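Participant: If you scroll down you'll find the structure; I have some questions about it.
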Amino acid sequence: MKKPVLALLATGVVAALSLTACGGSASSSTDTAKGKELDGLTGVFGAKDFSEQFILSNIASQVLNAHGAKTTTNTKVVGSANVRTAFETGQFAGYWEYTGTSWITYNKQTTPIKDKKEMFDAVKATDAKKGIAWLDPAPLNNTYAFAIREDKAKELNIKSLSDIAKLPAKEQTFCMESEFSTRDDGWPGLKKAYGLSPDAKVSMLDTGVIYTATQKGQDCNFGEVFETDGRISALKLQVMQDDKQFFPIYQGALTIKADMLAKYPAIADIMAKVSPKLTTEVMQKLNAKADVDGDDPDKIASDWLKSEGLI
């Protein structure tokens, strides 16, 4: 079923998602069995409220179901903290999390680790103390970034965040969501790290609206985006290089309860064949199918898994 998602995002209609945690579930199904290692495994895989998470949740559920599990997905919960709570309280069997989010938000670490592997190992070890198991990570990095329309980048002759700091204050205009404006790894730290103008103009917008506002260039030159988002290429935006490596690494991985992994160790073996294929570039293409073309996340997941021979 096609939906004009990009248009809906531009008008903020996406905010109409339910505010009730665990308010519903969407069934996942596969038509190509690969084994019976996970017979008896049931549960619900959660997702944060954006397309990438909907797709990843369906990928996990569908590939495990192809090995005998009977799981479903719930994409109705709004807010990262609510998803984490649903997982920790046993309402969700698992969900995809990002290393930077767990490290900074849930484990209250204010200093990011620059090395991707060291970051993952540190998060895995810290969450293990809470009974949370991180499976093999995907290469994708859903980190923050700032983007500008390609023609404007060429006009200003800029490629990096350091280049922005050299621009006149009137050109240092930014669109961002409210959460980013106050995060330790967000605007306050970025402004200080790159020496951006104290007179830089900031416009607060909803996440989906930022992309189209940046493409139009009326509210701002630079919009807060996520590197795996498919709208970057669709809207002809250019991501500014984070040449001082300010932003933390947000590598994605499926997280499940440690006791579930102990009972069904085959989960790790199955996901180890899936996660390495999910690069930033692959995720951008899958996200574009949802956010630009309006395809359903469960179908996007199913088509991709079949194309990779995983279901």
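Participant: If you take Rg and Dmax of the Cα atoms in Å from the coordinates, which of [x] 24.8, 91; [y] 19.6, 62; [z] 28.4, 112 do you get?
Facilitator: [y]
Participant: What is the Cα centroid distance between segment 122-154 and segment 226-297, reported in whole angstrom?
Facilitator: 8
Participant: Moving to a separate point now. Relative contact order for segment 171-311: what percent, with Cα pairs under 8 Å and sequence separation of 6 or more?
Facilitator: 24
Participant: Report, in deg cm²/dmol and to the nearest 500, the calculated mean residue ellipticity at 222 nm for the chain, where each DSSP H run with n ≥ 4 adds -39500 (n - 2.57) and the sum is divided by the residue count.
Facilitator: Calculated from helices alone, the mean residue ellipticity at 222 nm is -10500 deg cm²/dmol.
Participant: Same structure, new question: About its Cα centre, what dipole magnitude does segment 147-300 give when the only charges are +1 on Lys and Arg Cβ and -1 on Asp and Glu Cβ, stated in debye to the nearest 20?
Facilitator: 280
Participant: Top mean-square fluctuation among D296, D121, D49, Gaussian network model of the chain, C-alpha springs under 10 Å?
Facilitator: Taking springs between Cα atoms under 10 Å, the residue moving most is D121.
Participant: I would also like to ask the following. Run the accessible area of the chain with a 1.4 Å probe and give the carbon-and-sulfur part as a rounded percent.
Facilitator: Looking at the chain in its full context, I get 51 percent from C and S.
Participant: Okay, moving on. Quick one: net charge around T255, please, counting Lys, Arg +1 and Asp, Glu -1 for every other residue with C-beta under 11 Å from its C-beta.
Facilitator: That sum, taken over residues with Cβ under 11 Å, equals +1.
Participant: If you add up the charges near M204, with Lys and Arg at +1 and Asp and Glu at -1, over every other residue whose beta carbon is less than 13 angstrom from its beta carbon, what do you get?
Facilitator: Value of the local net charge: -4.
The values are calculated or read from the model by the stated rules, or taken from the named source; none is laboratory data. Being a predicted model, the structure only gives us computed values, none of them experimental. Using ideal geometry, Cβ is built from the backbone for each residue, glycine included, and neighbour counts are taken over all protein chains shown. These area figures cover heavy atoms from the full protein model, side chains too; ligands, DNA and RNA do not enter into them. Shrake-Rupley method; radii C 1.70, N 1.55, O 1.52, S 1.80 Å.
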